[in-house]
Structure formats: structure tokens, C-alpha cells
């Protein structure tokens, strides 16, 4: 009998004895790199080479989410008392308020190796966290709330920081297996009935309400994908709580507050084989995402636009926020497992409207939505729209290679 998905604690069915997760879900990247993880000074401004311009461009496109209407109030929305038709994770009016009566859906998306690109569905996410996984690479934790996405992926394995993010956004979480110690933390949590994984016989796409994760095989690659609407339907069929949650915390205004510094470009280098860049486009008021195209072994970085396979448009962000967060080794290389201590508060750099603001990130309790404040404690207003959070270590190097250009080079203590 086919039963490809389940919730709850199925530890014996999901545990993987490999330190890097189940081999069926987690083949080793074909393009590898070595990254020096040496101690460096605390974040400070330093000199750095000029960033290489993109090697390809796309016509900028507006994000798929609704834009604020002329009636958007000058005082904005948040950090609480959001109207029933305003998404508390984007500050945008939604076309159907019933969408906000559900939990967010979080999906783990991978773009390594490069044949995984372009990804599906990321331009429809309210919030995306891009953080270090292991071996020089990052992965995305994409959160969908105000929009559904027909397909999202490629879906890959979880890591310890996903536990923090599930608690933070009270979300459903779809992923493709994990190291047995990571699965142990997830399966023993109070949200274990909201975990969605593939098990048993696989199904070709499209997803259904009975089997919300499916397989697609473009160009000979077997990708795991999921549909957010189908994930919600499946959760309902399993009688798991998918009701409205308190997601207060963020503040949104059309106009920025305070004086920022010019920021037309920000790049984040995690390793020679994993780096990205955001370029501000004044015509849309959003930052355009560019992604690594070569393994930089000293010859220079090369960027190409990162697009969404659902709509063939370049991925954009109304807000890009770089979070400076303590990283610790749960297990050191070569089979490294990382803990990211996204608790309490810490420094951050918030980019919107071609400006950067040095702010404080805050997560005062386990179930608090992450929000930003100015150093004086007042709320930092996000631009209405989607947000990408880039997480880097406390010892990362911060520089301004040229005017209005910012660069972060990831380091672990």
C-alpha cells in the first residue's frame, strides 16, 4: 500500500547513519572547495578587492507578491495589531485573507551542485534564510505565508538551525531527511507532527493533497519538490493543527526611518564555491539576486542572475538583511555540523531602498519572530515586501570595496 508521507515521530524510518545525511537524498557535491576557517577580528571595515560585475543581466521584474496600494498608511503596520488582510511577514495586503488563517510553510531548498539551478518557487516566499550548512556551502530555509507556490525545490536535508526557525515562525516544515542527530532533535520537538518528508514509494509531479512532495526529473536529475497548497491540504487530512498563529514582531513602512548609508550592492562570500550578490535596482526599488557561477580559486568571482524556474524571472528582495550571529561546531570538519545561536540579539545590516542601516536583530524568546531595532531600541521598519536574511559568523570580515558597495566574507571562530 502506497503511503508516501507522514507526520510525527517515525525515528526508526528516517534515521540515517551517515554523518552527512541519507545517501539517497544527499549526494556529495560534484564541485568542492576548501575554505579556511581561521580566527579573524570581529566585524570591522577593511579594504577588499573590487567586486566583479555580473557576467549576465536580466530585465528587472517586480516581485510576484502584491505591492502596497495608495491607501497604505503613512504610519505603516506592526509590530502588532495587523489587519486581517495584511501579511505580518511582508506588511503587504493579501488577495485572500484566508491565506493568513493557516500556518506558514517552510521548505528547505538547495542550489548545490549547480545543476540544481534554477530553483523553483523562491520568488513567492515571504522570507528566505540563507545560512551556512557545511563544507563551504549554504542552503535556503524558505517561508511561504501570503502566497502559495505551485512547486518549491529542490528540497534537501535539514540542519540544526531549522529547529530555531520552525519555532520562530510556528511553521510546517518540509525537508528531505537529515543526519540522525538532527532528525532526533526535530522528531523529539513539540512540532514533530508538522514535519513533512518523503517516505516509501515516490510519486512523479505534480504534488497532490495525499502526496504533497513529488519527484521531477529534468535533464536526467531526480529532484524532490513540493507544493505549498498541497502541504496544507495534507496537514488538514492528518488532523494536525494548521490554524492561524501569532506572528507579530516585524514593522513595515513605505518610507525608511533615520539616515542610512548608500548601499547599491552587497555581496556575501561563504567560500570560493559559494557566494552571492544583491544589486539595487532603482526602477523597481528592489535588490536583484546574483549567484556564483564558477569555483573561484584565485581567478576571480563570476556571477549570473539567479532566476526562479516557476516564472523565469530574476529573484528579487525588498529587504536584504545580514545577521551577525555566533556559530559553533557541534562536530568539527571534515564531517562538520554547525549550531547557529540565533537567540537573544546581535548586530545586523539592513538594506532597503539603496540604503544600509546598522541595526540590532532581536529574538527575545523561543517563539518570537525575529525583528530589528535601531540601537536606541526603536523599531526598524522593513520595506513592505519580501525579505532575505543572510546569516554570517561573528568573525566575518566586513568591508566597503568602493562607494555604496558592501562585502561580507564569512568566517567561523
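So here's what we get for this one:
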| item | result |
| --- | --- |
| Residue 84-residue 209 pseudo-label distance in nm [points 7 Å out on the Cα-to-Cβ vector] | 2.3 |
| Extension gain, residue 367 back to residue 96 (0.36 nm per residue minus Cα-Cα distance, nm) | 95.0 nm |
| For 302, 383, order by how many other beta-carbon atoms lie within 10 Å, fewest first | 302, 383 |
| Residue-span extension gain [residue 402 to residue 295] - 0.36 nm each, minus C-alpha spacing | 36.1 nm |
| log10 of Debye I(q)/I(0), alpha-carbon scatterers only, for segment 355-413 at 0.15, 0.18, 0.20, 0.22 Å⁻¹ | -0.62, -0.88, -1.05, -1.18 |
| Cα→Cβ-extended label distance, 7 Å offset, between residue 376 and residue 257, nm | 1.0 |
| Label-to-label distance, nm, for residues given as residue 341 and residue 241 (7 Å Cα→Cβ offset) | 3.0 |
| Protection proxy ranking of 286-293, 124-131, 402-409 - average other beta-carbon atoms within 10 Å, highest first | 124-131, 286-293, 402-409 |
| Chain lengthening between residue 75 and residue 329 when straightened (0.36 nm per residue, less Cα-Cα) | 87.2 nm |
| Residue order, fewest to most beta carbons within 10 Å, for 243, 368, 378, 177 | 243, 378, 368, 177 |
| Residue exposure sequence - 169, 175, 329 - by fewest surrounding Cβ within 10 Å | 329, 169, 175 |
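Bear in mind that the values in this text are calculations on the coordinates, not laboratory data. Predicted, not measured: the structure shown is a model, and the values here were computed from it. Note that we place each Cβ from the backbone using ideal geometry, even for glycine, and neighbour counts take in every protein chain shown.
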